[in-house]
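The values are calculated or read from the model by the stated rules, or taken from the named source; none is laboratory data. Please read these numbers as outputs of a predicted model, since none were measured by experiment. With ideal geometry, Cβ positions are generated from the backbone for all residues, glycine too; neighbour counts draw on all protein chains shown. Please note that ligands, DNA and RNA were not included when accessible areas were found on the heavy atoms of the full protein model with its side chains. Shrake-Rupley method; radii C 1.70, N 1.55, O 1.52, S 1.80 Å.
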Amino acid sequence: MIGAVLNISNMANETVICTYRVRAGEEERFRRLLDQHWTLLHHLGFVTDARSQLLRHTEDATYVEIFTWVEGGFAMAHEHPDVLSVWERMDPCLEERDGRPKWEFPHYLRLDVNS
């Protein structure tokens, strides 16, 4: 498929690595929202059954959440009022830092590695 353009936003099993830069004083509130995030996405059927991985930077309040969408889950999440509500409540907890946006959501496709 050399030269082909892939529209990965419609592909099944995209893994997203969410980075959240949390404001000072907002970490506890943000953690409560983050705890709800994957649970809600899973309850609505937008992500796979594999529980999200949560990581916190050792030196500052930067969080990483890694999970995998089901086919169509990405688009459905961006239209569902309950998901949008969680994202709206997360937003004021976050800040731009070191020239980086308050949150980032790159999507990846899992590749099989040949041994």
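Counting heavy atoms of the protein chains only and a 1.4 Å probe, report the per residue accessible area for the chain as a whole number of Å². Don't skip to the answer; put the middle values down first.
Numbers: 7500 Å² over 115 residues.
In whole numbers, the chain has 65 Å² accessible per residue.
Remark: spin-label model distance residue 64-residue 113 equals 1.5 nm, labels positioned 7 Å along the Cα→Cβ axis. For residue 98 and residue 56, a Förster radius of 25 Å and the Cβ-Cβ distance give a FRET efficiency of 0.90, rounded to the nearest 0.05. Quotient of the Cα radius of gyration of segment 55-115 and 2.2 N^0.38 Å, N being its number of residues: 1.41. Each of 76, 99, 45 was placed along the dipole of the chain (beta-carbon charges, centred on the mean Cα), and the one lying farthest toward the positive end is 99.
Normalising the average separation of contacting C-alpha pairs (under 8 angstrom, six or more residues apart) by the number of residues puts the relative contact order of the chain at 41 percent. Once the Cα atoms of helix 81-90 and of the chain are each reduced to a long axis, what angle between those two axes, in degrees from 0 to 90 to the nearest 10, is obtained? Its long axis makes an angle of about 50 degrees. Its alpha carbons give the chain an Rg and a Dmax of 15.2, 49 Å.
The angle between the Cα long axis of helix 27-43 and the longest principal axis of the Cα atoms of the chain comes to about 30 degrees, rounded to the nearest 10.
Count Lys and Arg as plus one, Asp and Glu as minus one, and take only other residues whose Cβ is under 12 Å from that of residue 105; the net charge is then -2.
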